[in-house]
Amino acid sequence: MNRLYTSILLLAMYANVLALHAQEHVTIRGRIIDQGTSKPVIGATVSIKENERSGSSISGSEGGFTIRAHVNQTIVVTNVGYLPAELKVINEQEPVLIALVPDNRQLSEVVVTGALGLQRSARELGTSAQVVDNEHLNQGRVINPLLALASKVSSLRINASDATSGKTDPSVQVRLRGTRSFNRAQNDPIYVVDGVPIPDIGRLNPNDIESITVLKGANAAALYGSEGVNGAIMINTKAGSRGRGTIQFNNATTFSNVFLLPPAQTEFGQGQNGVYSATTAESWGPRFNGEMMPFGPPINGVQPEIRYAAPGSDNRLEFFDTGVTTQNDISFSGGDEQSTYYLSVQDVRIKGVIPGDQSARTGARFNGARNFGKLKTAYSVNYIYFDRNTTPDGPWLSVYTQPANLDYSEYRNWEDPNSPAHPLNWYNTVSSTKNPFFMADNTRNTAKQQTLNGRIELDYQFTDWFKAIYRLGYYNTNEDTRAMTGKLASPIGARNVNGSVEDGANTFRRLNNDLILNFNKQFGDFSTNLLLGQNVRMDETKAIGVGASNLLLEDLFNPGSRIGELSGSSRIEQYRSLGTYGELTGGYRNYLFLTLTGRYDQVSVLSKDNRGYFYPGISTSFVFTDAIPSLKDHRVVNYGKIYASFNRTGNVTLSPYSLNNPYSQSGGFPYGSLVGFLPSLTNPNPNIEPEFVTSYEAGFQLALFNNRLNIDAAYVYSDSDGQIFTALSSSATGYNNSIVNAGRLTNSIIELSLNGDVVRNNSLRWNLGFNFSYTDNQVKELYSGNEFRIFRQSYAIIGQQYPTLKVSDYARDPQGRIIVDENGNTSTLDDNTVLGTMVPPYLMGLNSTVTYKGFQLGLQFDARMGGWIYSEVVPRMYTAGTHPATVAYGRQPFIMPNTVIDNGDGTYSPNTSVESRGDKAFWQSQGNVQINTAAKGDYLKLRELNLSYTLPKSWLSNQRVISAASIGFIANNLFIIRHSSNTLGDAESLYNQTDGYLSFRQIPPSRTYGFNVNVTF
Amino acid sequence: MKHIFRVAVFSGLSILAASCDSFLDVNVNPNAPVNENLTLASKLPAALNSTATQEVLQLNQLGAFWGGYWGTTSEALASFNDIKYYDGIGIRGSRDGIQIWENTYNILLYYKLIKDQAETEQAGFYAGISKIMMGWHFMRLVDIYNNVPFDEALQGTNMPQPTYQSGQEVYQKSIDLITEGILDIKSASVAPASDDIFFAGNRTLWAKFGNTVKLRALLQQSEVSSQSGYISAEIQKIIQEGSGFLGIGENAYCNPGYLNTAGKMNPFYETYYRNAGGATVANHTNIRPTEYLIEKYQALNDPRLDQLYLTASGSYKGVRFGNPVAADEYNADNTSALKGPVENGNQPAGLLKSFNQSTVILSSFESLFLQAEAAERGWIDGAAATFYRQAVAESFAYIGLSGSEAETYTAQPAVALGEAGNRIARIIEQKWLAINSINSFQAWNDFRRLGLPDFPNSESAPSADARPLRLMYPETELQTNRDEVNRQGGDNITSDRVWWDID
């Protein structure tokens, strides 16, 4: 989408200023350049504001101009695609340098990063593309650039496994225009950094990013090959600009606190059947009475005690820390006539909300470019070191299932052997409800990852109509991992903890090689552009793991000091592909365009007979405001374009070596010299063929009211058929799964983006951007049967959206009232009930930017509607007796409201007398009725807030060190409005690639706020 | 610079020009062998071991709870809920359920692939073993789910929705398969060696094992009166075959060479007692014998009790299966845990002997009890009382007691077969005491067949007289083969019965 650059006019003046008389004529000489690229702006109009008839001047081939004016008059520089610039004439001046700020609002001039990373005029595109610039990307100072995209682009859905939570290394799921593959891991878009596809951009420094162009749908990405079938996220990193070097320093420090915890009761504490127990972790004891009670087993003959009352409104919060994130970023950039450079270093430290969790990321990037006549060279190196130390999922699970009478602040110091907090003294012996601080400290996962990503690009202009581009990309990650659990020996089985360690080393290497020939020629009214390219890709993976599940000593974590045998594994994977592709664009008078694309891919993972496949595409666009004379220079409609495209994109989502059934030794084999091999239970298919996604798209773009309102709308239909996926099979076939070419999913999508200035004057500007999408996704065909379980309660069901939430429900009478039996117990239906999609079909984002003098207030709202969520946390709270529902009737027998008795003759009468027991067994059974722990996932949240103040230029005018400075307040997740049925948590939650799934392993989301300082030297 | 550029262009083109075929030929799995790389001897042990693991974990556990042996302590009130509540829907679930269907068909696939390879290689012994084990597993499936796919099963994507056949038909076809298997083994030229982790290539023992499995299958249908003709015909075939049944000292044991390493220990020992580091596992703290079981041993002055369980505060104390109410008397500390070598002066105890003890697939004492019942019913020759005494003696021997102790025990009027009013009931009672926690699945089978012994129902049962009679078809089957599931009629866990369970 077209984003607004800051409308600050940069004037770099090499002038001594002297006051002179008003009527004096002076001659102004100067150069006009593009603020971003520092390239000369040719053909800009320079005129006198006060006297339009005095004539104007046009900038020449180097951007130079000359104009005569009176002192105190104002010269105005305008050029299509830029914001107008003004300059007060003060005196006979030294040559002035006027840097024009690009105005991307002008749709007619938008340039996007198209396929292969080549800059294309948006008017040529027969498909939708949206641009997010650096400023909007970094509005919330989000560490991960993918998360920073959330709700900023229509049809782009971003979720994080722990995005809004306090864990320190969230993994991100990105979905563009719905889901196309049942193979859940195969729906990611392709990530392209400066023209080179790389597997992951989550650790990229967002400050290095100049802009992100989101090419939606398979059409735009056809030239990237199969991986582009899910759309492309094209990243342009910053380049230096010609002129004086600049140094930018940025610091952001933010604090996070957990919120949206599922509510807990604070009336009843530990025990069973209403009787207090010193050693029970469940909250089925008596009502709190404030008395001192024995707590856990005696320690050295002394019985510890606890006050039997809830210490605060929510004791669970005592377990969490305030998370702190610090980002420091410094960059240097500059250049001369022939070369540019950009160098940045960033350091990010995150201290998580779970005690002990932390991560750190340090990265450096060097981008450079140099021209040698017709040869342009560009190169970049990016190095990232990432270090993480976290605990897995146990501690929070322990906290929310334990009673409200625990005061967690007492249990931090678990190492004291005489404390009830010590794991050998802890009051209960259930392994899932150990002291959470002990659990967090005793089980650690660490990872140290190094990423090196380099690129070399050579661009040679043979003639004015032909150039060749060669691009080599190298991407390498090395990761050392260690998972360790400290040994704790106890004669009580459930207290025992096995010491274990698992060391891993994972490497991934990718070499990507593109050679592109670009022909470009104008024939009268007709323009042609032909791209021919060839791509070679080589991926190599190696993963080694060595471990011991039984360590001898409590504090030595090395597989060498183990009991039993060493465990280990090693896996090597190679993937190769060859692609040959072409794109031909024909244009007529720069308002009608037709583009044909075609690509032939060969991949190593299929059989020789099936591994080559061709796929075509066609698209067209028509700028009707340029074509229809009466619309030219129209007062309302400034720009209008309609476009349409069709694509059929081939894709192979198969992993290497999937054509044969691999045998492996399991079940303890080998036992010494005795080997024992078993086949995989996924039935392979040696004749797997590529799958194809057919997509259609049509849309329009409009710029209205002097380019103040931009509208972008599209309708998209995609149909993915013959999918390669691992389908559930009847186990009676022998195999639990089969790899098949089956299954069909369709998506119908409506997208709308609006952007405009509500107020635009000299001191105040209020820009609003809104995006909306509706996705109707349908499962049309499956392999065998009408449904299969994707993950727990999430299903693929023919005729339903994918994935769909299906849960157990009560047996009810025809009016929907719950049936109770003679004991007041409810029963569940044999077959589960479909509630609806777990992916919200309606996605909305609203961005508001108000600029007033030096102040700027940026807000990003995110709303997602129409989806269902399911919590696995809450059933456990029912069982543990910590959920508020379990105390709604004071733990006494009660008549369950709105229930009926089965009269046995097909009729039902309202229940007025049969009491339900209201005890643990009853409430546990209620928690197990899954419909009780499902909710509508609708929400509206203020995702990002950024209030900043830029110091006035005048404050900085007395010195030459600091050229600009700003300070700001930033916040994420400041507020959220949820559907009234949702007390479960944040509907944005993602677990195991399942939207709307609140796993018992996930910690609650957090709210973040902090400060930001930015200084430019 | 121009030069560098040209080099780059040429290197790009040359990769294209290089034979594309060889460039892309990198799809040979460097990590794992495929079917063709492996001999029968490298596959058979894993298949046999899968059978043993399923028998001693998945099936033994379900049978131990539903066969009257096990309950849990107060602290573990919330464990094994779906078993305690007869929660058929929970058990059929593909997430938290008990996946016997899936696991059994997977094991059947292992044997089927071995059988196919063996038939190609004309390795009759391997084909025979596979057939016997396939018969074993298909009948286990019928015992749990009644009608199941047989003819159309195990065909992969050729038969994605296999048709179900009646439980009775599958039983019959399984018995025929075992008969074929015995013949294959007897006529095979080459025998397996150490890769046969049941009988080390001993033809006679395989034949006896096959016959014993068939006898067990025939006894399982003893209450179906219309089967009597079929039963006697099949008994005749066994007699004609001539190898007989597993007798004294003849056990179907599995031992691949268990090691004191996680995942390589005897699975019963590792799951219910101690891990490789010697640390007690949670099951050992949570699972307890039922009061009914303890009382039975005590009522018969059974010396096996001492070998099997530990005392709590000086006496043996069991728990009540499915008891939903926590009470201190049923806490782990106040009830009898399984006795292991650590509590037995580092000597093997009754059930828990050592990390490398063999897994019992079918014991000599179970076989002798089967023969006792068959003799009592007049199906085979021999005195039921003799088989019975031998069976008890074999059980005593397994538990670590002497022959004379067995004799003293058997001589008691409450034990001796001769003095029993209902001799079948007494055989079943002693069999029940002998296979306790070893092959507990058979206890549940006997209970459904004969209602013996009369142990109390789960206190969490949906109603006082609702007993678990089968499992529901699994969720995976509903999702992939629903029409076939619907065609089989009801599969309610407490009201629909398998074919041989007639009341």
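For the reader, a short list of remarks on this structure follows.
- A residue that is in contact (Cβ under 8 Å) with a residue 12 or more places away in the chain, crowded, with 21+ Cβ neighbours inside 10 Å, facing chain B (nearest Cβ under 10 Å) and assigned to a strand (DSSP E or B) occurs somewhere in the stretch A:598-607.
- Residue count for the stretch A:734-756 satisfying the condition of being more than 14 Å from every other protein chain (Cβ to nearest Cβ), under 20 Å from A:TYR795 (Cα atoms) and open to solvent by less than 20 Å² (accessible area, probe 1.4 Å): 3.
- Scanning the stretch A:519-539 turns up no residue that is within 10 Å of chain B (Cβ to nearest Cβ), surrounded by fewer than 17 Cβ atoms within 10 Å (Cβ to Cβ) and not in a strand (DSSP E or B).
- Any hit, the stretch A:280-293, residues being among the hydroxyl-bearing types (Ser, Thr, Tyr), closer than 23 Å to A:LYS920 by Cβ and open to solvent by 20 Å² or more (accessible area, probe 1.4 Å): yes
- For the stretch A:660-669, taking the residues that are open to solvent by 20 Å² or more (accessible area, probe 1.4 Å) and not in a loop (DSSP other than H, G, I, E, B), the one that is farthest from the other protein chains (Cβ to nearest Cβ) is identified as A:GLN665.
- Selection from the stretch A:932-968 of residues that are outside any loop (DSSP other than H, G, I, E, B) and open to solvent by 70 Å² or more (accessible area, probe 1.4 Å): A:LYS936, A:LEU947, A:LYS953, A:SER954, A:TRP955, A:ILE967
- Matching entry among A:PRO355, A:PRO392, A:PRO403 (being touching a strand residue (DSSP E or B) at 6+ places or on another chain (Cβ under 9 Å), closer than 30 Å to A:PRO294 by Cα and away from chain B (no Cβ under 14 Å)): A:PRO403
- Positions within the stretch A:797-848 being farther than 29 Å from A:ARG943 by Cα, of a type in the set (Val, Ile, Thr) and in contact (Cβ under 8 Å) with a residue 40 or more places away in the chain, in sequence order: A:VAL807, A:ILE818, A:ILE819, A:VAL820, A:THR826, A:THR828, A:THR833
- When the stretch B:265-297 is filtered for residues that are more than 25 Å from B:ASN331 (Cα to Cα) and either free of Cβ contacts under 8 Å to residues at least 12 places away in the same chain or open to solvent by less than 10 Å² (accessible area, probe 1.4 Å) (or both), the ones remaining, listed by number, are B:MET265, B:ASN266, B:ALA276, B:GLY277.
- Within the span defined as the stretch B:66-78, one or more residues are at pLDDT 95 or above, closer than 30 Å to B:GLY451 by Cα, of a type in the set (A, V, I, L, M, F, W, C) and touching a strand residue (DSSP E or B) at 6+ places or on another chain (Cβ under 7 Å).
- Among the conditions (1) at pLDDT below 95; (2) open to solvent by 20 Å² or more (accessible area, probe 1.4 Å); (3) over 30 Å from A:ARG180 (Cβ atoms), the only one that A:PRO884 does not satisfy is (1).
- Yes/no for A:LEU553 being within 28 Å of A:LEU531 (Cα to Cα) and either within 31 Å of the chain's Cα centre (by Cα) or within 14 Å of chain B (Cβ to nearest Cβ) (or both): no
- Qualifying residue in the stretch A:979-993 (condition: in a strand (DSSP E or B), within 14 Å of another protein chain (Cβ to nearest Cβ) and open to solvent by 10 Å² or more (accessible area, probe 1.4 Å)): yes
- Test result for A:ILE962, more than 19 Å from A:PRO263 (Cβ to Cβ) and in contact with a helix residue (DSSP H, G or I) (Cβ under 7 Å, 6 or more places away or on another chain): yes
- The residue of the stretch A:250-279 that is nearest to A:VAL324 (Cα to Cα), among those that are small (Gly, Ala, Ser) and open to solvent by 30 Å² or more (accessible area, probe 1.4 Å), is A:ALA264.
- Members of the stretch B:28-48 that are polar (S, T, N, Q) and out of contact with any strand residue (DSSP E or B) (no Cβ under 8 Å at 6 or more places or on another chain): B:THR39
- Among helices (runs of 4 or more DSSP H) entirely within the stretch B:74-167, having at least 3 residues that are within 13 Å of chain A (Cβ to nearest Cβ), more than 26 Å from B:ILE502 (Cα to Cα) and open to solvent by less than 30 Å² (accessible area, probe 1.4 Å) singles out B:100-121.
- No other residue among B:LEU218, B:LEU205, B:LEU183 is part of a helix (DSSP H, G or I), touching a helix residue (DSSP H, G or I) at 6+ places or on another chain (Cβ under 7 Å) and more than 30 Å from B:TYR309 (Cα to Cα) apart from B:LEU218.
- Number of the condition not met by A:GLN723 [criteria: (1) away from every other protein chain (no Cβ under 14 Å); (2) surrounded by fewer than 24 Cβ atoms within 10 Å (Cβ to Cβ); (3) under 30 Å from B:ALA153 (Cα atoms)]: (2)
- Which listed residue, of A:ASP357, A:ASP329, A:ASP347, A:ASP336, is open to solvent by 20 Å² or more (accessible area, probe 1.4 Å) and in contact (Cβ under 8 Å) with a residue 24 or more places away in the chain: A:ASP336
- Considered as a group, the residues in the stretch B:34-73 that are within 29 Å of B:SER358 (Cβ to Cβ) and open to solvent by 30 Å² or more (accessible area, probe 1.4 Å) include one that is farthest from the chain's Cα centre (by Cα), and that residue is B:THR39.
- The residue that is nearest to B:GLY201 (Cα to Cα), counting only those in the stretch B:26-47 that are free of Cβ contacts under 8 Å to residues at least 60 places away in the same chain and more than 7 Å from chain A (Cβ to nearest Cβ), is B:THR39.
- In this structure, A:TYR657 does not qualify as over 31 Å from the mean Cα position of the chain (by Cα), open to solvent by less than 40 Å² (accessible area, probe 1.4 Å) and among the hydroxyl-bearing types (Ser, Thr, Tyr).
- Any pair with Cβ under 8 angstrom, 6 or more apart, that starts in the stretch B:222-238 at a residue that is within 18 Å of B:ILE182 (Cβ to Cβ) and ends at one that is in a helix (DSSP H, G or I) and of a type outside the set (A, V, I, L, M, F, W, C): B:GLU234/B:LYS214; B:LYS237/B:THR179; B:ILE238/B:ASN211; B:ILE238/B:LYS214
- When the test is whether a residue is small (Gly, Ala, Ser) and within 19 Å of A:ALA921 (Cβ to Cβ), A:GLY296 does not pass it.
- Test: residue in the stretch A:581-592 that is part of a loop (DSSP other than H, G, I, E, B), on the phi < 0 side of the Ramachandran plot, more than 13 Å from chain B (Cβ to nearest Cβ) and open to solvent by less than 70 Å² (accessible area, probe 1.4 Å): yes
- Residue among A:TYR341, A:TYR308 that alone is at pLDDT 95 or above, farther than 30 Å from A:ARG1007 by Cα and out of contact with any Cys (no Cβ under 9 Å at 6 or more places or on another chain): A:TYR308
The values are calculated or read from the model by the stated rules, or taken from the named source; none is laboratory data. Quantities reported herein were computed from a predicted structural model and do not represent experimental measurements. In this analysis, Cβ positions are derived from the backbone assuming ideal geometry, glycine residues included, and neighbour counts consider all displayed protein chains. Keep in mind that these areas ignore ligands, DNA and RNA; they rest on the heavy atoms of the full protein, side chains included. Shrake-Rupley method; radii C 1.70, N 1.55, O 1.52, S 1.80 Å.
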